[in-house]
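Each remark here refers to the structure printed beneath this line.
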């Protein structure tokens, strides 16, 4: 009896296996929808971030939610260390942390590497930060040079995150000049600055440092804002370190606009301005572009970012928009547009291939406005990503896409029907056997 009972089960398993194989064969004929991996080879380097912390005497001031500036910074950095991505190489450099004397010349040399850039022992790094006590002067320029040495050279972007409550008190070297010097060396170094004090001199200097290296400036008011911003900057290092942005200057009209090849580009755009770039797109190719505009200072509520692709005559091909209300870290949008292939109907787009010369014009516009008392210059940081690839296979029309859906539905319905009949037959057979016994 045992042998008799196993045979239907074995037959059922065989039928189900055959059905699965058949369904798999049918489904394998359907087009894949996931993008194929491509583009530039992944970097062999890990993202690198060096946090430069001001531990000068002024950090004792207790004016951030009733707490001292240094205690707020220490708690924020501790939380950032806890949240570090596993692949990020992170280090900490201090300024004004060790010299306790009155000799300014000696105090202005006071910058050291507290924790080396590399894989982070979180307990060790947090302990090192917790032991810091505000002491000396503020040699920001010297600290930036030290941070550049901490991060070393390489093909990918390194980030310095500077947290300070005042301007450099030790110049020369002037920190703005140091930032320009580092930028001119082509070492792919970005400095983001965060100010814990809110006077105009400090704000102007930190903006200058950030602008010189393509970084951002943030006026910090709370512990939560500091923690969140540093986390965002560390995460951004992981997102952008693979490709160092190329500096480019957009124009106000397409004919004079710079010609961009696939890559990542950085620019500056004034408030409520538009800037234009050109991208060659040949028949049968697909343009993929995205833009991010960073409000690196206080901006008015209600704003938007527009990325528009047009032909050389100004006819719109496709657009992407992003809008918001309130202070955000970044506003981003993107577009995709496929040029008709050779022999395709030219009416598929207003000018066939995007223009008589196969060029698409990318227009970046923003509707940001500076809050009262905030400097409008220089422009906001813009990062533009451009890729041109073989056009994705597209259905001829709605009916074709619907037909593919019906094929999948019919396969699933057939599988369910056969499985139901099969298990029903097995159940009836088992009942019959049970009655005979």
Pairwise centroid distance, computed over Cα atoms, of segment 134-202 with segment 208-240, Å: 13
Segment 48-240 shape via C-alpha gyration tensor axes, a/c threshold 1.5: rounded
337, 137 arranged by Cβ crowding within 10 Å, fewest neighbours leading: 337, 137
Prolate/oblate/rounded call for segment 246-390, Cα gyration tensor, a/c under 1.5 rounded: prolate
Segment 81-152 shape via C-alpha gyration tensor axes, a/c threshold 1.5: oblate
Packing-based order for 247-260, 79-92, 47-60, using average beta carbon neighbours within 10 Å, highest first: 47-60, 79-92, 247-260
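Here, each number is a calculation from the coordinates, and none is a lab measurement. Quick caveat: nothing in here was measured; it's all calculated off a predicted structure. We place every Cβ from the backbone using ideal geometry, glycine too, and count neighbours over all the protein chains shown.
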